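**Student:** The structure that follows is given in the form of C-alpha cells.
Values quoted throughout were computed directly from the atomic coordinates according to the rules given, and no laboratory measurement underlies them. Because the structure is predicted, anything quoted here is derived from the model rather than measured. Cβ coordinates were reconstructed from backbone atoms using ideal geometry, including for glycine residues, and neighbour counts include every protein chain displayed.
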Amino acid sequence: MIKLQNVNKVYRTKTIETTALSDINLNIDKGEFLSIMGPSGCGKSTLLNIIGLLDEPSGGEVNIGGNALPNYNTKAMAQFRNQQLGFIFQSFHLIPDLTVRDNVELPLLYRKVGGKDRKRMAEEALESVGLKNRVSHFPNQLSGGQKQRVAIARAIVGNPEIILADEPTGNLDSVMGNEVMDILLELNSKNDTTIVMVTHDENMAKKTHKLIRLYDGQQVA
Amino acid sequence: MIKHIFILIWNKKGANALLLLEVLLAFIVLFAVLSFVFYNTDRLSDPLGFETENRKYISYGDLDNFNDSTRILVLEELKRSLLDLELVEEVSFGNDVGPFKSSNWCHGNDDLGFDISACYSVVEYDFIKTNGMNIVEGRDFTEHDLNATYQLMIGNQTFIEETFGEKNMIDSIIPFQGAETKIIGIMDEYKYNGEFEESANRVLLLSNPEFNGYARMTNAYLKMDPSADVAYEEKISYMVESTLKTSSYVIQDAPLLRKRSNLENWIPIVALLGMCVFLCLNVALGLFGVLSYSINRRKAEVGLRRAIGAHAGSIIQQFTFEVLFLAGLAVLFGAFFAVQIPIMNVMDVDSSVFYRGILYATLIVLVVVTICALYPSIQASRIHPAIALHED
C-alpha cells in the first residue's frame, strides 16, 4: 500500500543544511495500523507529510497505492489526497466560520459531490463518531474531544483508503484521547482502513499493529 | 462551491461589513465624480455657435458722459474709425450679454399657449457676420431691418425646438419682452458663456430704440485680420480712447477669454478626477492590506484545503471570488441608490450621464478589487501546505 525506499529529506538554507530524514525504508500493507514515535524534531511529521504527498522527499522513492511519486503532478497529487487520503491533525484544523457539517463536507466539495449527497455523507460520518446531534454547531461550541471527532469525520467522509493522523490525541486528556483512539481502531478493524499515526504516547502506540521509532531523522526501530 | 463560499462570507458578515462599506463609499464617490465629468464633457461636443479666432472684444460701459442721441453718433463714429484701421475687418455692437461676459438677460411668459422663455442679447445687424455665427434657417439681420415694424429675432435651434416643436416659425410673430417680435432666422447655437455651457434657449434681438432702447450697446465686437498681433491693440486703444473720450474700457482677446473660461471648468474636473485616483489608490491599498492580513490569518485553512484536495487554482478562485462577491454586492447597493437619480428625475440632467456614471464606476471598482484580490490570492495558493499546517 505504502512503500518508502531510502527516503531522505534535507532542508537547505543559504548557510545551513538540516537533515530531517535519512534513509527511511518503510512498507505498510493495506489495513495495517502503524504508529510512528520519537522525540520532538526527529522527523515524524516530515515523514507523515511525505506519505501524505504534502511534501516531497529530497531523495529516495515513495510509492503509494502502486504509483510512484514522480508520476504525480501537483493537480494529480491534490486529487489523490482528496480521494485516497484522510488527514487528522493535532490541532484539529477546523474552519471556525463553518458549522460542524460544513467542515465535514469540505473534502466532498473538492470531489464535486452534489449538495444532497454531501449532506447525507457528512451526517453519516458524524453519526459514526457520535456527533450527529452537533451538525449545526460551530467549532468554538465544542470540546477538544468533540473537535477531534469532527476532524475524524472529515477524514473518513470520503471513504479514503489511508488515514494519516498527526498526534491526534496530543491536545486531549486521557479519557478523550482514548475515545479518539477507539474510533481509529474501529475504523481500522471494521473498514480495513490503513492508518499511519504519529504519537508521543507509548500507550496509544501499543494499541497499533506496528511501531517505528525515529531519532534524529533515522529509523531506529 | 459557490454556496460554500456564500456560507463562509455570511458567517463572517461582521468583518465583511466594513469591507463592503469601503467599496460602497468608493463606488458612490466615483459615481458622483464620473457623472459630473460626463455632464461637463458631454457639452463640449455641442458647437459653441460663434468664432473666437481673430476676434477682439471692447467693453466700454454705458458711456454716461454722453446723452442718448450723442451716444449713438459717437458709436457710429467709433465704428467708422475702427473699420478705417487696416487690420480690422468687421465691427459690430452688442449689449452686456455677449461672449464670455458672464451676464444673462432672460425673458419668460406663456402667451399664445406657448411657454416662451429664453435668454437674449440685443445686438447690431452685423453681429452674426462679425462673430462668424451660423444661420441654419431663415435669414440674418440686415441694415434695412432697422426700419422694421416689429422687433426682429434670431433664435437658436434649441429655443425653436423646445418652444414650438416641429412648427415652421420663420416670419412668425410672437410676444417677447413686451414687444411684438418676428422670428426671421434660426442659428445653430449660441453658448455665450463658454463651451461648457449647456445648450439652452438663446435669442438675438436686433437693437432698435423703438422696441429695446433700454439695452445700451456697451460692447464692440471686432473681427481682425489674422496678421494683427498683440501690438496692434495699441492702435485700437488709441482709436477707442480718442473717440469715446474715456479711458474706462477694456480690450480683450477672444481666444484668451475662451481658454480662460475652459480652464475654469477643467480645473474642478481635473481636481475631482485626481481625488478619485487617490481614492482608488487608497481603497486599493486598504483592500490589499486587509486581504493580505486576512489571508495570512487563514494560512492554516489554506493548508487544510490543500491537504484535503484543493489545488492552487481553486485556492485563487475561492479567495478572489469571496472578495469579488462582496465588491459586487457593494456595487449593487450603490447602483440601486444611484439609479434612483435618473429614474426619479431628481436633477434636470440627461439620464444617460448617470447610467454611464454607474457603468464606469462599476467597472473601475471591479477592476481595482480584482487586482487587489488576485495578488494575495496567488500568494495564498503558493503557501506550502505542510508549512501552513504546521504553523497553527
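**Student:** Over 27 Å, how big is the tail of the calculated P(r) for the range B:55-253, in percent of all Cα pairs?
**Tutor:** Distances greater than 27 Å cover 30 percent of the Cα pairs.
**Student:** How high is the relative contact order of chain A? Use alpha-carbon pairs under 8 Å, at least six apart in sequence, and give a whole percent.
**Tutor:** Taking the mean separation of contacting Cα pairs over the length of chain A, I get 31 percent.
**Student:** From the gyration tensor of the Cα coordinates in the range B:240-282, what semi-axes in whole Å does the equivalent ellipsoid have, largest first, with each one equal to sqrt(5λ)?
**Tutor:** Working from the Cα gyration tensor, I get semi-axes of 43, 8, 4 Å.
**Student:** Which FRET efficiency, nearest 0.05, do B:Val230 and B:Asp84 yield, Cβ-Cβ r, R0 25 Å?
**Tutor:** So, using R0 = 25 Å, E works out to roughly 0.75.
**Student:** Further question on the same structure: Sticking with the crude label model, points 7 Å out along Cα→Cβ, report the distance from A:Asp216 to B:Phe278 in nm, one decimal please.
**Tutor:** Taking the two extended label points, one gets 6.3 nm.
**Student:** Evaluate 2.2 N^0.38 Å with N set to the residue count of the range B:291-392, then give the Cα radius of gyration divided by it.
**Tutor:** Taking N as the residue count of the range B:291-392, the ratio is 1.49.
**Student:** Evaluate the relative contact order of the range B:55-253 (contact order divided by residue number), counting alpha-carbon pairs under 8 angstrom at least 6 apart; express in whole percent.
**Tutor:** 36 percent
**Student:** While we're looking at this one, here's another question. Give me the number: length gained by fully extending B:Tyr375 to B:Asp115, i.e. 0.36 nm times residue separation minus the C-alpha to C-alpha distance, one decimal in nm.
**Tutor:** Gain in length upon complete extension: 87.6 nm.
**Student:** What number, rounded to the nearest 500 deg cm²/dmol, is the helix-based mean residue ellipticity at 222 nm of chain B, given -39500 (n - 2.57) per DSSP H run of at least four residues and division by all its residues?
**Tutor:** -17500 deg cm²/dmol
**Student:** Would you mind getting me the FRET efficiency between B:Thr246 and B:Trp10? Use the beta-carbon distance for r and R0 = 45 Å, nearest 0.05.
**Tutor:** 0.05
**Student:** Another question, if that's okay. Can you tell me the 0 to 90 degree angle between the C-alpha axis of helix B:233-244 and the longest principal axis of chain B, rounded to 10?
**Tutor:** In chain B, helix B:233-244 runs at an angle near 50 degrees to the longest axis.
**Student:** Further question: Restricting to bridges with both residues inside chain B, how much of the DSSP beta-bridge set is antiparallel, in percent to the nearest 5?
**Tutor:** Percentage antiparallel, nearest 5: 75.
**Student:** Label B:Glu77 and A:His209 with points 7 Å out from Cα along Cα→Cβ: what is the distance between them in nm?
**Tutor:** Distance between label points: 12.6 nm.
**Student:** Let me ask something additional. Any idea which of B:Ser69, B:Ile186, B:Ile58 is furthest toward the positive side of the dipole for the range B:55-253, if Lys and Arg beta-carbons carry +1 and Asp and Glu beta-carbons -1?
**Tutor:** Of the options given, the answer is B:Ser69.
**Student:** Same structure, new question: All other residues with a Cβ under 9 Å from the Cβ of B:Ile308 taken together, and with Lys, Arg as +1 and Asp, Glu as -1, what is their net charge? Don't jump to the answer; show the numbers that get you there.
**Tutor:** On the way: positive: A:Arg81, A:Arg154, B:Arg305, B:Arg306; negative: none.
For residues surrounding B:Ile308, the net value is +4.
**Student:** Within the protein assembly as shown, which cysteines find no other Cys whose Cβ is under 4.7 angstrom from their own?
**Tutor:** Cysteines of the protein assembly as shown left without a disulfide-compatible partner: A:Cys42, B:Cys276, B:Cys280, B:Cys372.
**Student:** In the range B:55-253, with Lys and Arg counted as +1 and Asp and Glu as -1 at Cβ, which of these residues, B:Ser237, B:Phe159, B:Asn208, has the Cα nearest the positive end of the dipole, that is, farthest along it?
**Tutor:** Towards the positive end, the residue furthest out is B:Ser237.
**Student:** Now, a different point. Around B:Ile154, what is the net charge, scoring Lys/Arg as +1 and Asp/Glu as -1 over all other residues with Cβ under 13 Å from its Cβ?
**Tutor:** On the way: positive: B:Lys129, B:Arg139, B:Lys182, B:Arg202; negative: B:Glu124, B:Asp126, B:Glu137, B:Asp140, B:Asp145, B:Asp171, B:Asp188, B:Glu189.
With Lys, Arg at +1 and Asp, Glu at -1, the neighbours total -4.
**Student:** Please identify, among B:Gly357, B:Gly274, B:Gly328, the residue showing maximal mean-square fluctuation in a Gaussian network model of chain B using a 10 angstrom Cα cutoff.
**Tutor:** It is B:Gly274.
**Student:** With each run of n ≥ 4 DSSP H residues scored as -39500 (n - 2.57), what mean residue ellipticity at 222 nm is computed for chain A after dividing by its residue count and rounding to the nearest 500 deg cm²/dmol?
**Tutor:** My calculation for chain A gives -11000 deg cm²/dmol from helical runs alone.
**Student:** Now for a separate question. As a quick test, which of the pairs A:Lys44/A:Lys116; A:Lys30/A:Lys75; B:Lys3/B:Lys299; A:Lys119/A:Lys210; B:Lys13/B:Lys299 have an alpha carbon distance above 31 angstrom in this structure?
**Tutor:** Those over the limit are A:Lys44/A:Lys116; A:Lys119/A:Lys210.
**Student:** Additional query: Would you please state the base-10 log of I(q)/I(0) at q = 0.07, 0.10 1/Å for the protein assembly as shown, with intensities from the Debye formula using one equal scatterer on every alpha carbon?
**Tutor:** At q = 0.07, 0.10 Å⁻¹ the computed log10 ratios are -0.63, -0.90.
**Student:** Give the percent of DSSP beta bridges with both residues in the range A:64-198 that are antiparallel, rounded to the nearest 5.
**Tutor:** 10 percent
**Student:** Strictly greater than 31 Å: what percent of every Cα pair in chain B meets that?
**Tutor:** Values: 42884 of 76636 pairs.
When every Cα pair of chain B is considered, 56 percent fall beyond 31 Å.
**Student:** Here's another thing I want to ask about it. Assuming R0 = 41 Å, can you tell me the calculated FRET efficiency for the pair B:Leu324 and A:Tyr11, based on Cβ-Cβ distance, to the nearest 0.05?
**Tutor:** Efficiency, rounded to the nearest 0.05: 0.65.
**Student:** What distance in nm separates the simple spin-label points at B:Phe336 and A:Asn159, each placed 7 Å from Cα in the Cβ direction?
**Tutor:** For B:Phe336 paired with A:Asn159, the spin-label model returns 4.5 nm.
**Student:** Within the range B:309-330, find all residues whose amide N lies under 17 Å from a label point positioned 7 Å from the Cα of A:Asn73 along Cα-to-beta-carbon.
**Tutor:** Zone members listed by number: B:310-315.
**Student:** Would you kindly work out the equivalent ellipsoid of the range B:323-366 from its C-alpha gyration tensor and give its semi-axes, the square roots of five times the eigenvalues, largest first in whole Å?
**Tutor:** 22, 11, 5
**Student:** Separate question: From the convex hull of the Cα coordinates of chain A, what is the mean projected area in square nanometres? It would help to have the intermediate numbers written out before the result.
**Tutor:** Details: hull surface 49.7 nm².
Over all viewing directions, chain A projects a mean Cα-hull area of 12.4 nm².
**Student:** Most fluctuating residue of A:Val175, A:Val104, A:Val198 in a GNM of chain A with Cα springs under 10 Å: which is it?
**Tutor:** Looking only at A:Val175, A:Val104, A:Val198, the biggest GNM fluctuation is shown by A:Val175.
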